[in-house]
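Novice: Let me begin by handing over the structure; questions about it come next.
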């Protein structure tokens, strides 16, 4: 058995209340300007529950929630198809859609020929709002405009205390950001020069290796079938798609991919250093 039987027959993928019946909710989400268009279709394969829907005693319901913004709504409808428009400003990060079949009125003497043997020969009564069927929650990852702009929006550089034997540059991908840790002295140097004449040099020697580490983590997660929940993962996937880069392609070299995303930082850094050297030579002659 897939799970414990409920005290009453509940049609769900997590239990065996019914032998062959099934309930599937198919949801699709599209972004149109500043709106989210949700299209839902219920596929109910259960004669007894369908009879309740036709009689108006039961109906379909969608629980829609975005935990980050506390957006939470429950929509009831009679037809198998349902469409909804949501303002993109009302939700953020994740939209969760959970479909149900619920009792719309009191139901007496409900029975089905497809019941599990434990329920055979029995009938059940339900009150309004009782859940008769449920499918698994579908999660949609949402992107905002600022998440999609640049790599700097997901990279943070922070000072740290360097322990004995520790590398000077360490990368932490355990949050929504790719956090690069530098020893205090190196961090102070970065703060002084990274946005000035040595911008490309710091990009190549600090950000490039961190991005390679992040891409490796992202590829491992994709191979394991993990959902890209962290913000940096979602942004990187968007940037890879925009650049038409297949992270999972056989033989795909992460260092080459990182350089492509950063617009050839090594060559720019070398050119930057050469330009600085030439200026110093000219200054020495004056």
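FYI, it's all coordinate maths here, none of it is from the lab. The shown structure was predicted, so the numbers you read here are calculated from the model rather than taken from an experiment. Glycine gets a Cβ as well: all are built from the backbone with ideal geometry, and neighbour counts include every protein chain shown.
Novice: To the nearest 10 degrees, how steep is helix 208-223 against the longest Cα principal axis of the chain, on a 0 to 90 scale?
Specialist: Compared with the principal axis, the helix lies near 20 degrees.
Novice: Can I ask one more? What full-extension length gain, to one decimal in nm, is calculated for residue 253 and residue 241 as 0.36 nm per residue of separation minus the Cα-Cα distance?
Specialist: On the way: separation 12, 0.36 × 12 = 4.32 nm, distance 1.63 nm.
Full-extension gain reported as 2.7 nm.
Novice: Just how far, in whole angstrom, is the stretch 165-195 from the stretch 28-56 if you go by their alpha carbon centroids?
Specialist: 49
Novice: Right, another one. Roughly speaking, what is the stretch gain from residue 184 to residue 31, that is 0.36 nm per residue apart minus the C-alpha to C-alpha distance, in nm to one decimal? If you can, show how the numbers build up before the last one.
Specialist: On the way: separation 153, 0.36 × 153 = 55.08 nm, distance 4.35 nm.
Contour length minus the Cα-Cα distance gives 50.7 nm.
Novice: Expected output is a single nm value to one decimal: the length gained when fully extending between residue 116 and residue 141, i.e. 0.36 nm times separation in residues minus the C-alpha distance. What is it? Show your work: numbers first, answer last.
Specialist: Details: separation 25, 0.36 × 25 = 9.00 nm, distance 3.67 nm.
Additional length available on full extension: 5.3 nm.
Novice: Can you give the direction-averaged projected area of the convex hull of the alpha-carbon atoms in the stretch 164-286, in nm²? Working shown, then result.
Specialist: Numbers: hull surface 40.2 nm².
Across all orientations, the stretch 164-286 yields a mean hull projection of 10.1 nm².
Novice: Moving to a separate point now. Give the order of 229, 156, 192 when sorted by the count of other beta carbons within 10 angstrom, beginning with the fewest.
Specialist: Working: 229 13, 156 16, 192 10.
So the residues, fewest neighbours to most, are 192, 229, 156.
Novice: Quick one: which of 203-210, 123-130 comes out on top by average Cβ neighbours within 10 Å, and what's the full order, highest first? Mind dumping the intermediate values first?
Specialist: On the way: 203-210: 19.4, 123-130: 13.8.
In decreasing order of mean packing, 203-210, 123-130 become 203-210, 123-130.
Novice: Which angle from 0 to 90°, rounded to the nearest 10, does the C-alpha axis of helix 265-285 make with the longest principal axis of the chain?
Specialist: Between the helix axis and the principal axis of the chain, the angle is about 20 degrees.
Novice: If I take every Cα pair under 8 Å that is 6 or more residues apart in the chain, average their sequence separation and divide by the length, what percent do I get for the relative contact order? Don't skip to the end; give the middle numbers.
Specialist: Numbers: 456 pairs, mean separation 36.9, N = 286.
Relative contact order comes out at 13 percent.
Novice: Still on this model: Averaged over every viewing direction, what's the projected area of the C-alpha convex hull for the chain? Give it in nm², one decimal, please. Present the calculation step by step, with values, prior to reporting the outcome.
Specialist: Working: hull surface 89.5 nm².
In nm², the orientation-averaged hull projection of the chain is 22.4.
Novice: Can you tell me, using C-alpha contacts under 8 Å and at least 6 residues apart, the relative contact order of the stretch 1-71 as a whole percent? Intermediate values should be presented prior to the final figure.
Specialist: Details: 73 pairs, mean separation 12.9, N = 71.
Across the stretch 1-71, relative contact order equals 18 percent.
Novice: Then there's this: At a threshold of 8 angstrom on Cα-Cα distance, excluding pairs fewer than six apart, so keeping six or more, what relative contact order does the stretch 145-281 reach in percent?
Specialist: Numbers: 144 pairs, mean separation 35.7, N = 137.
The normalised contact order for the stretch 145-281 reaches 26 percent.
Novice: Hey, another quick one. Hey, what angle do you get for helix 231-242 against the long axis of the chain, alpha-carbon based, 0 to 90 degrees rounded to 10?
Specialist: The helix 231-242 is inclined about 80 degrees to the chain.
Novice: With runs of 4+ DSSP H residues as the only contributors, calculate the mean residue ellipticity of the chain at 222 nm using -39,500 (n - 2.57) per run, divided by the residue total and rounded to the nearest 500.
Specialist: Details: 7 runs with 79 residues, N = 286.
After summing the helix terms and dividing by the residues of the chain, the value is -8500 deg cm²/dmol.
Novice: How many nm separate the modelled label positions at residue 73 and residue 88, each set 7 Å beyond the Cα in the direction of the Cβ?
Specialist: In this crude label model, residue 73 to residue 88 measures out at 1.7 nm.
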